[in-house]
Amino acid sequence: MLQFYTCTPNNSVLYLSIQDICFGKGIQTKNKYKSLSGKYELLRLLGNGAGSSVYLARHLQLGAIYAIKVSPKNLAFAHELLSEGRLLQSLHHPGIPQIYDYVEDDEYTYLIEEWMDGESISEYFLHQPIISPQTFYQWILQLCDIFCYLHEAITGFYYQDLKPEHLLLCNGQIKLIDFCVNCCNGETIISVSGNQAFSAPEVLSGETPTEASDVYSLGCIVEFFARHVENDLPQELNPIIQTAKSADPMLRYETVDAFRTAILQTKPNDKQISCNHIAILGSFHGCGASHIGIALTCALNRLGYPALFREEDDVTFLQTTLNNHLAFRIRDGIFYRKYFIGVPKYGPGIVIDEPAVLYQITVHTNSNSIQLTPSSRVLLIGDGSPWQIDKCIAMNETLFPYRDRVTVLCTSGNREYQHRLSKALGCPVLSFHDDSDAFCITKEKLSFFKKLLNL
């Protein structure tokens, strides 16, 4: 007998019939993933954990993408999936995955949850071992905010198993995953083991955890992140970490909020962090300026340098791609898509509260609209073709007062056009041959932008 539970706005439970969703038996297939009659289609296996597997799935009618966690019911801890679902269903925070459905049949239990398009912090550090101080504080404060919310939302809830593998980086937001280990109201709901590197001593010894146990784990994570920061952090940070990591819980910060407050006192003001401005100027419509701006923004964020893309003049690339059904997550007027963060041209009267970043990428069609600062650079985009070269020459002449800060990029992929453009402008011209997906990060793009910006 299949029972299907879904959450209603008042947090009651709604039961649906087997006709609404049916997973069937034998969820694993050898050559292709099963279509789930009525509602979901399994697309691919995302990974396997302790007693469960996670699949990427698509809602057949809505086209929405979800993650489905599958666990056999014959395992001793199969009830943990339902406990996790009930817990997460009551939580609403951008740093915690959202639960949509819970399903069970004679053999399996299924948890349908938010698909988080990102990578774990441990995976991130494999390809990008260095982060900026600003990224360091951004991650730590987001993580503290998640734990403050958890401790306030559910009395006696303690996570206990914090580690880099349980932290996902999605669109610049840290998300905490794997809630199969927790303690509520002082009573263990699910068996607790913790981990040697990040769990408090009392957790590892089987004692009842407290909020100070999570403070200890956060101190370990802060210390772990600090080893990956490119520049020296404030000296005041080290005693804060050591206090959080005290072996005696009574000597730690009493709450995560107190720990967060101490961390905040060491954070440099955003105004003290210099923002690098890169203005991308297209010599004609369709030359690839927006494409380069998006690719550069994605690359910088992937490399650990927070960057924001902003359209100026009559550039409308973001709105056009949204109209073409490209998936964005829009929050407070800002567009997010994996490593991309951008603000479209909204027009006068609309003010967006933009996040503090290290690099601000603006795209222009008129050189007069560029407001240069001492740290600004200009990328002039052309293709070197005979029918467009005059526009690039004219645009370059308007930039003559800033010629020491201008770099010219040729997007045609034609070496002859590149040489012709270099000769006409009397300066070196770099070749950037754009591909079909500006949001896709490749090794070639990362290498190109690292050399371009001397990163």
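Numbers below:
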read-out: Counted residues, the range 395-412 - those being surrounded by fewer than 18 Cβ atoms within 10 Å (Cβ to Cβ) and touching a residue at least 60 places away in the same chain (Cβ under 8 Å); value: 0
read-out: Extreme residue, nearest to Leu455 (Cα to Cα), among residues of the range 298-315 that are touching a helix residue (DSSP H, G or I) at 6+ places or on another chain (Cβ under 9 Å) and surrounded by fewer than 19 Cβ atoms within 10 Å (Cβ to Cβ); value: Glu312
read-out: Scan of the range 227-248 for residues that are closer than 20 Å to Ile121 by Cβ and either part of a helix (DSSP H, G or I) or not basic (Lys, Arg) (or both), ordered by number; value: His228, Val229, Glu230, Asn231, Leu233, Leu237, Ile241, Ala244
read-out: Unique residue being buried (at least 19 other Cβ atoms within 10 Å of the Cβ) and either at pLDDT 80 or above or not in a strand (DSSP E or B) (or both) when the list is Leu421, Leu455, Leu372; value: Leu421
read-out: Any hit, the range 357-367, residues being among the aromatic types (Phe, Trp, Tyr), in contact (Cβ under 8 Å) with a residue 12 or more places away in the chain, closer than 28 Å to His127 by Cα and touching a helix residue (DSSP H, G or I) at 6+ places or on another chain (Cβ under 9 Å); value: yes
read-out: Cys287 being part of a loop (DSSP other than H, G, I, E, B), touching a residue at least 24 places away in the same chain (Cβ under 8 Å), under 30 Å from Ile370 (Cβ atoms) and not assigned by TED's automatic domain parsing to the domain that holds Asp145; value: yes
read-out: Filter result for Ala258 (surrounded by fewer than 23 Cβ atoms within 10 Å (Cβ to Cβ) and in a helix (DSSP H, G or I)); value: yes
read-out: Of residues in the range 86-119 being under 23 Å from Gly172 (Cα atoms) and of a type in the set (D, E, K, R), the one surrounded by the most Cβ atoms within 10 Å (Cβ to Cβ); value: Glu113
read-out: Flag if Leu379 is in the same structural domain as Val363 (by TED's automatic domain parsing) and under 15 Å from Ala299 (Cβ atoms); value: yes
read-out: Test: residue in the range 245-262 that is under 23 Å from the mean Cα position of the chain (by Cα) and at pLDDT below 90; value: no
read-out: Near pairs, Cβ below 6 angstrom, 6+ apart or cross-chain, from the range 166-184 (not assigned by TED's automatic domain parsing to the domain that holds His127 and at pLDDT below 85) to any residue that is crowded, with 21+ Cβ neighbours inside 10 Å and not hydroxyl-bearing (Ser, Thr, Tyr); value: none
read-out: Within the range 91-132, considering residues that are assigned to a loop (DSSP other than H, G, I, E, B) and in contact with a Cys (Cβ under 9 Å, 6 or more places away or on another chain), the one farthest from Asn231 (Cα to Cα); value: Asp105
read-out: Boolean, Gly384 is in a loop (DSSP other than H, G, I, E, B) and either in contact with a Phe, Trp or Tyr (Cβ under 6 Å, 6 or more places away or on another chain) or not assigned by TED's automatic domain parsing to the domain that holds Thr297 (or both); value: yes
read-out: Considering residues of the range 335-354 that are part of a loop (DSSP other than H, G, I, E, B) and small (Gly, Ala, Ser) only, the residue nearest to Ala307 (Cα to Cα); value: Gly347
read-out: Residue that is modelled with the highest pLDDT, among those in the range 306-330 that are aliphatic (A, V, I, L, M) and closer than 18 Å to His364 by Cβ; value: Leu308
read-out: Asp437 vs. criteria of a type in the set (D, E, K, R) and part of a loop (DSSP other than H, G, I, E, B); value: yes
read-out: Positions within the range 426-455 being in contact with a strand residue (DSSP E or B) (Cβ under 6 Å, 6 or more places away or on another chain) and not hydroxyl-bearing (Ser, Thr, Tyr), in sequence order; value: Val429, Leu430, Phe432, Phe439
read-out: Residue in the range 209-226 that is more than 20 Å from Ala258 (Cβ to Cβ), modelled with pLDDT under 90 and either outside any loop (DSSP other than H, G, I, E, B) or hydroxyl-bearing (Ser, Thr, Tyr) (or both) present; value: no
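The values are calculated or read from the model by the stated rules, or taken from the named source; none is laboratory data. As the structure is a computational prediction, the values presented were derived from the model and not from experiment. Quick reminder, even Gly has a Cβ in these numbers, built from the backbone with ideal geometry, and neighbours come from all protein chains shown.
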